[in-house]
Amino acid sequence: MKAAAFDYHRPANRAEALDMVGSLDNAKFLAGGQSLVAMLNMRYAIVDHLIDLNHVTDLAGIEMTGDRLRLGAMTRQRAVKDDAALAARAPIFAAALDYVGHFQTRNRGTVGGSLGHMDPSAELMALATLMDAEVEVQSKAQTRSLSIADYPMAYMTPAIEMDEMITGVTFALPGEGHGWGFHEHAQRHGDFAICGVAALMELAGGTISRTAITVFGIGMAPQRARAAEDMLASQTPGDDLYRAAADALDDLDYTTDAMASAAYRRRLAGVLTRRALADAARRAGGDRR
Amino acid sequence: MTTKSISLTVNGKTVDQEVEPRTHLADFLRHGIGLTGTHIGCEHGVCGACTVLVDGQAVRSCLMLAVQADGAEVTTVEGLAGNADDLSPIQAAFREFHGLQCGYCTPGFLTSLTQLLMENPDIGEEDLRKELSGNLCRCTGYAGIVRAALAAAQAYKEAAATGMGGSR
Ligand code: FES
Ligand code: FES
């Protein structure tokens, strides 16, 4: 199908972009376009004005300082996947990005676009949830930051206003020497995950000093598995422990849709959590593969 | 809705034209300038048939607006070989290894593989199959495509080694 007609605007900087979104009716920002243009073509989305952010250069960039990673909203997914310093410090980014669409869509798709679109199975949203990210948004009037816990408002709808723009996202990186695991199940590689699990683990003297587990693709937004995280604290890694953690995932919200039932998603969450924790423990123990 | 004038390079030639903002790059290439080698399968980013190179990067031309290609250098399947009678290494390998049947998906595979093999001529079969998962083919069963790509990788490797990396 073909998109309904709209006007196209190409701001040269943030101030122009914010002016436009504050004054035009039924306007939307265009980032990488890898979801939005498809929705326009199918007329799931109909806009009067499209504001193209691809020429606002100060929105892109990767900055790592200590245990903070900031990704500018217009940073291409490909740039994140290929960043050597990030791959050395937190390999889970490259591993997760490998599941985001296909290399052709990552060439154009952006970090901010993915956060704004908020697909339930989006890997970047999962990483943001895993690493307690802060999302920066800006309007003409103010700049503010939202913790990822407060960011999802409804299905595919973040808690940002019509005149606001996502400018970047900052992740709290796990400590040096941490282990990680990332697993998802989809019908085909690159397809939307029916369920995915991302995990981080830090060890101190053979016992678990810190874990984070995020389950995604199961409901409106990625969810932290707090009960499982709590029961892993100060324990010694091992298969029985991972199985117990997989059993502690009942308090998450699982949805049924055309792809899978809530019960099947719950089952997958357990299996993938076991695998992700085993990987994370192995890597935290010094086997970096 | 106001039209926009754009100026871009397509297969080495400058193109200046007025476009409606809603026209995506695939429709512009096919209907605006008559380059029907770029195919449209799904128009929502799933099939990969519409893949072209924009500034050397493989992108889905149904997910990019023609206005966004203003100033860009676009290469379509028509521009992969030097001139009409030539074939690029990947095109020659597709012919030799039976990488196509009906040919509908072929332009997308050829442009995608051009970026993949130029950037990573050492790619192995497993990674190759994963990277090609964004291109659908309903005829071949992919075996010929994968064989062709692995054979062509050798040619791209030799080109890189002899410093002739500029040729597609
Ligand atoms: S037509 Fe563009 S991906 Fe199918
Ligand atoms: S050759 Fe017919 S779809 Fe691929």
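The values are calculated or read from the model by the stated rules, or taken from the named source; none is laboratory data. All figures in this text were calculated on a predicted structure; none of them were measured in a lab. When we count neighbours, we look across all protein chains shown, and the Cβ atoms used for this are built from the backbone with ideal geometry, even at glycine. Calculation scope for accessible area: heavy atoms of the full protein, side chains included, ligands and nucleic acids excluded. Shrake-Rupley method; radii C 1.70, N 1.55, O 1.52, S 1.80 Å.
Below, the figures for the structure above:
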read-out: Residue in the range A:67-75 that is open to solvent by 60 Å² or more (accessible area, probe 1.4 Å), within 14 Å of chain B (Cβ to nearest Cβ) and touching a helix residue (DSSP H, G or I) at 6+ places or on another chain (Cβ under 9 Å) present; value: no
read-out: Conditions (1) open to solvent by 60 Å² or more (accessible area, probe 1.4 Å); (2) more than 15 Å from ligand 2 (Cβ to nearest atom): number failed by residue B:81; value: (1)
read-out: The one condition in (1) in a helix (DSSP H, G or I); (2) open to solvent by 30 Å² or more (accessible area, probe 1.4 Å) that residue B:87 fails to fulfil; value: (1)
read-out: Considering residues of the range B:119-137 that are assigned to a loop (DSSP other than H, G, I, E, B), touching a residue at least 12 places away in the same chain (Cβ under 8 Å) and more than 16 Å from ligand 2 (Cβ to nearest atom) only, the residue surrounded by the fewest Cβ atoms within 10 Å (Cβ to Cβ); value: B:122
read-out: Any hit, the range B:103-111, residues being among the hydroxyl-bearing types (Ser, Thr, Tyr) and within 13 Å of chain A (Cβ to nearest Cβ); value: yes
read-out: Checklist (1) part of a helix (DSSP H, G or I); (2) within 13 Å of ligand 2 (Cβ to nearest atom); (3) among the hydrophobic types (A, V, I, L, M, F, W, C); (4) in contact with a Cys (Cβ under 6 Å, 6 or more places away or on another chain) applied to residue B:102, failing item; value: (1)
read-out: Residues of the range B:138-161 satisfying the condition of being of a type in the set (D, E, K, R) and either open to solvent by less than 10 Å² (accessible area, probe 1.4 Å) or in a loop (DSSP other than H, G, I, E, B) (or both); value: B:138
read-out: Residue among B:87, B:128 that is under 29 Å from residue A:34 (Cβ atoms) and away from ligand 1 (no atom under 16 Å from the Cβ); value: B:128
read-out: Residue that is nearest to residue A:173 (Cα to Cα), among those in the range A:83-108 that are facing chain B (nearest Cβ under 10 Å), of a type outside the set (A, V, I, L, M, F, W, C) and in a helix (DSSP H, G or I); value: A:106
read-out: Total residues in the range A:252-265, condition surrounded by fewer than 18 Cβ atoms within 10 Å (Cβ to Cβ) and part of a helix (DSSP H, G or I); value: 3
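Each row is one residue, and each column tells you yes or no for (1) more than 10 Å from chain A (Cβ to nearest Cβ); (2) within 16 Å of ligand 2 (Cβ to nearest atom); (3) surrounded by 19 or more Cβ atoms within 10 Å (Cβ to Cβ).
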site	(1), (2), (3)
B:7	yes, no, no
B:13	yes, no, no
B:17	yes, no, no
B:29	yes, no, yes
B:41	yes, yes, no
B:45	no, no, yes
B:49	yes, yes, yes
